[in-house]
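Coordinate-derived values only; no laboratory data. Small disclaimer: the values here were computed from a predicted structure and weren't measured. Cβ: placed from backbone, ideal geometry, glycine included. Neighbour counts: every protein chain shown.
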Amino acid sequence: MSAVLFIDEDHLNPRLLLNKIDEQCLVIFPWDKSYFESRSYSFKQLFFFYESLLDEDVNIYLGELETVVNSFRKDEQTSFYMPMSLINRLSNEFLSTTKVTSVDLAALTEQPDHFCNRFFQYWREVKKQVMS
Amino acid sequence: MVKLLRKNFLDRDELRHYLAQIHDDTDESISPIMGGRKACEVKLANMKPKLYGRTRNHLQGDVTYLSPYLSRGVIAPQEVINKIKDSVDNMREAEKLVQELTWRDFWTHVAAHRPEWLWQDAEPYKTGWQATDYADTMPEDILAAQTDCACINTFIDSLHNTGYVHNHARMYLAAYVIHFRRVKWQVGAKWFLDHLLDGYPPSNNLSWQWVASTFSHKPYIFNLGNVDKYTGDDIDTTPDNNRPLAKTYAVLTKELFPNKRVDV
C-alpha cells in the first residue's frame, strides 16, 4: 500500500500536513503551468513557490494536476491526500473514480458557530483561545 | 506527460534561469524576499512582538515580514503564537500582533459564510457614488508607477519589484486607486493578487472592500500628512510631488465624495 500527499502553492511546507496523516507519504508538488497561468501568477510569485519547495522533502513534477496525480496511481490501494484547495481543482469525473482524502492546515481559531461580519465581533469570540 | 523537475541549484540566479525556461518568461525578475522555511525562521527569530504594537503603522516599524510564509503555508500561525508566548511575560504585551494573526482567520470565516463577497460588493458604497461610477480597468499611469503622486509611485514599485508592500502602504494604495482615481475595488484587488507573494483572496479582497466602504461603515482615505507621519526619508512626501494628496481631510472629503456628506 502506498500513500501520496499532493501539495499546492498555499501549502508549501508538507510537514504541517504530514503530521495529520497516519502513514508514510511521498510528497508531490504538481507544477501545473496552465493552472498558474489561469491565476495570473507573476514570475516573482512562482519563484517564491519554487524556492520554498527547495527546503522541503518534496518532488516537483511538471504537468497538469490530474495527469500528475494519475501518474502516481500504483494500484487500487494507493491513498491520495491533498488540501481542499487542490481537491477543488479536480474534475467531478476524476473524483468519481479516485478516492482523495482532504488534509488541511489547522486554523488559529475555532470558528464561531454564528457569522461575525466585523472583526472585533469575531475577536471577542476567539480572544480567549489565542491569548491564553 | 509528467517530468520531474530539478531541486539542486548553485544559487538563486541558476534557479531563476531554470524557472524562466520552464515558463518561457521574459520577465525574470525575482523578489529579494527569499522563499522557504529557513528564510522564514530568520524572520521568526527577529520578531519583536512588543514593539510591533507600538510601531506597526510605520513603514520602518517592527513588523514581522512573515506574511508570505504564513499565507503560503510555510509556517503555521500557531507556531508564531507559540514563539510569541516564549518571548513575552504577558500575552497582553503582544495583543496587537496576535490580533493581526487572527485577522486571517476572520477573513477566512467571512469568505466561508459569504463566498460571493470575494468579488461582489458586500454592501453599497458609502461614498455617494454608485458602483457603476467606478472604472473597470486600472489606469495606465498606475500600472507604470507614473502617477502624479511620488509616494504612491514608490509603493507601486515596491509591489511590482518585491511582491511585498507594508500593510499601511497597501491601504494608501487601495484608497488611492478606489477613491482618488475612482476605480472599482475588484480591479485593485486583482492587481494585488497578481503581484503579492502573500496574496490570499479572503484577506486581500475583503480588505479592499473595507477601504472601499463596501464592507465598512465609511470609506478609508488618507492625506499626505498621514503618509509623511508614517514613512521615512526614502519616501518622497514633498507637497509639490504629491499635489492630489497635499490637502486637509475636509477638502479631500468634499472633493472625493461631493455627492454625499461623509464622516471620514
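Just counting partner chain Cβ atoms within 10 Å, what average do the residues of peptide B:186-193 show around their Cβ?
1
Please give the charge dipole size of the protein assembly as shown, origin at the Cα centre, charges +1 on K and R Cβ atoms and -1 on D and E Cβ atoms. Round to the nearest 20 debye.
About 1280 debye.
Taking 51 Å as R0, compute the FRET efficiency from the Cβ-Cβ separation of A:Ser91 and B:Lys38 and round it to 0.05.
My answer for the efficiency is 0.90.
Using only Cα atoms and rounding to the nearest 10 degrees, what angle (0 to 90) does helix A:43-54 make with the longest principal axis of chain A?
The angle comes out at about 80 degrees.
Give me a single rounded figure for A:101-113: the average over its residues of other chain Cβ atoms within 10 Å of their Cβ.
So the per-residue partner count for this stretch is 4.
How far is the Cα center of the range B:1-69 from the Cα center of the range A:83-124, in Å?
After rounding, the separation between the Cα centres reads 26 Å.
Sort the range B:82-162 into rounded, prolate or oblate with this rule: let a ≥ b ≥ c be the square roots of the eigenvalues of the Cα gyration tensor; rounded if a/c is under 1.5, and if a/c is not under 1.5, prolate when a/b is larger than b/c, oblate otherwise.
Judged from the Cα gyration tensor, the range B:82-162 comes out oblate (a/c at least 1.5, b/c at or above a/b).
Could the peptides A:112-118, B:119-125 be put in order, highest first, of the mean number of other beta-carbon atoms found within 10 Å of their residues?
Ranked by mean Cβ neighbours within 10 Å, highest first: B:119-125, A:112-118.
Calculate I(q)/I(0) for chain B by the Debye formula, one identical point scatterer on each C-alpha and no solvent, and give its log10 at q = 0.08, 0.09, 0.10 Å⁻¹ to two decimals.
So the normalised log intensities are -0.37, -0.47, -0.58.
Could you work out the helix-only [θ] at 222 nm for chain B, with each DSSP H run of four or more residues adding -39,500 (n - 2.57) and the total divided by the number of residues, to the nearest 500 deg cm²/dmol?
Result for chain B, helices only: -14000 deg cm²/dmol.
Does the range A:3-105 classify as rounded, prolate or oblate by the C-alpha gyration tensor (a ≥ b ≥ c root eigenvalues; a/c under 1.5 gives rounded; else a/b over b/c gives prolate, otherwise oblate)?
oblate
Mind checking which of A:Gln111, A:Gln77, A:Gln45 has the largest fluctuation in a GNM of chain A, springs on alpha carbons under 10 Å?
Maximum fluctuation in the GNM of chain A, among the listed residues, is at A:Gln111.
Among B:Val211, B:Ile84, B:Trp129, whose Cα projects farthest towards the positive end of the dipole of chain B, with charges put on the beta-carbon of Lys, Arg (+1) and Asp, Glu (-1)?
In chain B, that residue is B:Ile84.
When we measure straight from the Cα of B:Lys50, which lysines land under 26 angstrom away, once same-chain ones fewer than 8 places off are left out?
Within reach: A:Lys127, A:Lys128, B:Lys38, B:Lys83, B:Lys85, B:Lys96, B:Lys229.
Give me the dipole magnitude in Debye, nearest 20, for the range A:3-105 about the Cα centre, with unit charges on the beta carbon: positive for Lys and Arg, negative for Asp and Glu.
100 debye
Using only Cα atoms, tell me the angle between helix A:119-131 and the longest principal axis of chain A; keep it within 0 to 90° and round to the nearest 10.
80 degrees
When chain B is treated as a GNM, springs tying every alpha-carbon pair under 10 Å, which of B:Lys48, B:Lys85, B:Lys190 comes out with the largest mean-square fluctuation?
B:Lys85
Using only the Cα atoms of the range B:40-107, build the gyration tensor, take square roots of its eigenvalues as a ≥ b ≥ c, and label the shape rounded, prolate or oblate: rounded if a/c is under 1.5, else prolate if a/b is larger than b/c, else oblate.
Rounded is the answer for the range B:40-107, as its axis ratio a/c remains below 1.5.
Distance between the C-alpha centers of the range B:108-178 and the range A:22-68? Whole Å please.
Each part reduced to its Cα centre gives a spacing of 28 Å.
What order, most packed first, do the peptides B:154-167, B:201-214 have when packing is the mean number of other Cβ atoms within 10 Å of each residue?
Ranked by mean Cβ neighbours within 10 Å, highest first: B:201-214, B:154-167.
If each of A:Lys74 and B:Gln60 carries a label point 7 Å out from its Cα toward its Cβ, how far apart are those two points in nm?
So the two model labels end up 5.8 nm from each other.
What average count of beta carbons from other chains do you get within 10 Å of the Cβ of residues in A:114-121?
Mean shielding count: 5.
Considering only DSSP beta bridges where both residues belong to the protein assembly as shown, give the percentage that are antiparallel (nearest 5).
Restricted to the protein assembly as shown, the bridges split so that about 10 percent are antiparallel.
For chain B, with only Lys/Arg (+1) and Asp/Glu (-1) charged at the beta-carbon, what is the dipole magnitude about the Cα centre, in debye rounded to 20?
820 debye
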